[in-house]
Amino acid sequence: MSTKDWLEKDYYKVLGVSKNASSDEIKKAFRRIARDNHPDQNPGDKRAETRFKEASEANTILSDAEKRKEYDEARSLFGGGFKFTKPGPGGPTGFEDLFRNAGGGGAPTSGFGDLFGGLFTQSGGSRRATHRGPRRGADIEGDVEITFEQAVEGATVSMRTVSDQACPACRGTGAKAGTLPRVCPRCEGSGMTSTQTGGVFQMSEPCTDCLGRGLIVDTPCPDCGGSGRGRSTKTMQVRIPAGVADGQRIRLKGKGAAGENGGASGDLYVTVKVTPHPLFGRSGYNLTLEVPVTFTEATLGAEITIPTLSGPKVKLRVPAGTPNGRTMRVRGKGARKPDGTVGDLLVTLDVQVPEGLTDEAKAALAEYAEKAHQVNPREALFGG
Ligand SMILES: [Zn+2]
Ligand SMILES: [Zn+2]
């Protein structure tokens, strides 16, 4: 199927649904037509077969949200049912096709009203004219996976994005490569034509040859179906700020798809996935670390050496008699905050109970128990 066919077919009409039909309505309409016209049910019936094929084709496009959008866009740019032929004397003209498609069938004036009834705005312009105004580029969504260290320090990572951009084949003109849209001879590119009515009123209306676009594409670009828009994949460098959390969505202003006709670029939204670290955890801008200490270190006190995420090791003073689970703060060894200051490293001590003692060690511990004169730590449980 050529692009030309594609644009000339009114799939909505084929399925008998309105242009803003929901996907459910489209589904139902197609099922009904398919059931009534299925070749198995109507052997030898050419008309049913054609109807079935047409409906299938329409359903393929309209049931796919992306294809439907492309189709709608292409048709809104070029006008539904508008033939890409130069109006010639005697032959089928774009003008006639226009009215035929509008369901007029009768006098051109009635078709005209149907077709353009909704296009006029109060300012006297036409809806199509807005296509030529500045249009903001689309927002792009993407995700990126970074290491725990990159999340803490911030990093510049490369990321692949897929976006709607000007079609590379036709550079956004909508005309097949090697051809260019030509200025509409009827309205000389203004998109509007004036008619003198009885010499008194002058009426301005959207040009019927180019449907107000000012340009005529004779051979639509096969890549984009004449819409001038395409999908492009590119790798871009994305700056991930320090202190980002797993699952966070960052907005990078102006890094989305380019705008059209001088419109602003869209934004890029990046969802960050952070790979967990085997040792360190995060609590806001503080880092967390669990550190084992021996029973004697916790009891007698000790100076222990602990790692930091990216800097040199640091010494930590464990006071005598530190209970299990106590959290100690090492200042300035956490994640960088947006204001430039740095969070802390929160060290939680995990007191290890000695196991597999030698007979000698056991004897020493028994001696310790005896000498320490320990009170029963469970007395309080019995109201003692
Ligand atoms: Zn024109
Ligand atoms: Zn193209």
Original post:
Between segment 21-58 and segment 219-242, how many Å separate their Cα centres?
Top reply: 35 Å
**OP:** Compare the peptides 208-214, 329-335, 358-364, 377-383 by average per-residue count of other Cβ atoms within 10 angstrom and give them in order, highest first.
**Re:** 208-214, 329-335, 358-364, 377-383
Original post:
Could you give the length gained on full extension between MET236 and THR308, defined as 0.36 nm per residue of separation minus the Cα-Cα distance, in nm?
Top reply: 22.8 nm
Original post:
Which FRET efficiency value, to the nearest 0.05, do you get for GLU49 and LYS253 by plugging their Cβ-Cβ distance into 1/(1 + (r/R0)^6) with R0 = 51 Å?
Top reply: 0.40
Original post:
Given the pairs LYS13/LYS255; LYS27/LYS273; LYS176/LYS234; LYS313/LYS371; LYS253/LYS313; LYS253/LYS337, which are separated by over 31 angstrom at their Cα positions?
Top reply: LYS13/LYS255; LYS27/LYS273; LYS313/LYS371; LYS253/LYS313
Original post:
Using a 1.4 Å probe on the protein chains only, how many percent of the accessible area of segment 281-372 belongs to carbon and sulfur?
Top reply: 52 percent
**OP:** Quickly rank 277-286, 167-176 as a protection proxy: mean count of other C-beta atoms within 10 Å, highest first.
**Re:** 167-176, 277-286
Subject >> Cβ charges +1 (Lys, Arg) and -1 (Asp, Glu), total dipole of segment 281-372, debye >> reply: 740 debye
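The values are calculated or read from the model by the stated rules, or taken from the named source; none is laboratory data. Owing to the predicted nature of the structure, the values given are computational and were not obtained by experimental measurement. No Cβ is skipped: glycine too gets one built from the backbone with ideal geometry, and neighbour counts run over all protein chains shown. The accessibility values were calculated without ligands, DNA or RNA, using every heavy atom of the protein model including side chains. Shrake-Rupley method; radii C 1.70, N 1.55, O 1.52, S 1.80 Å.
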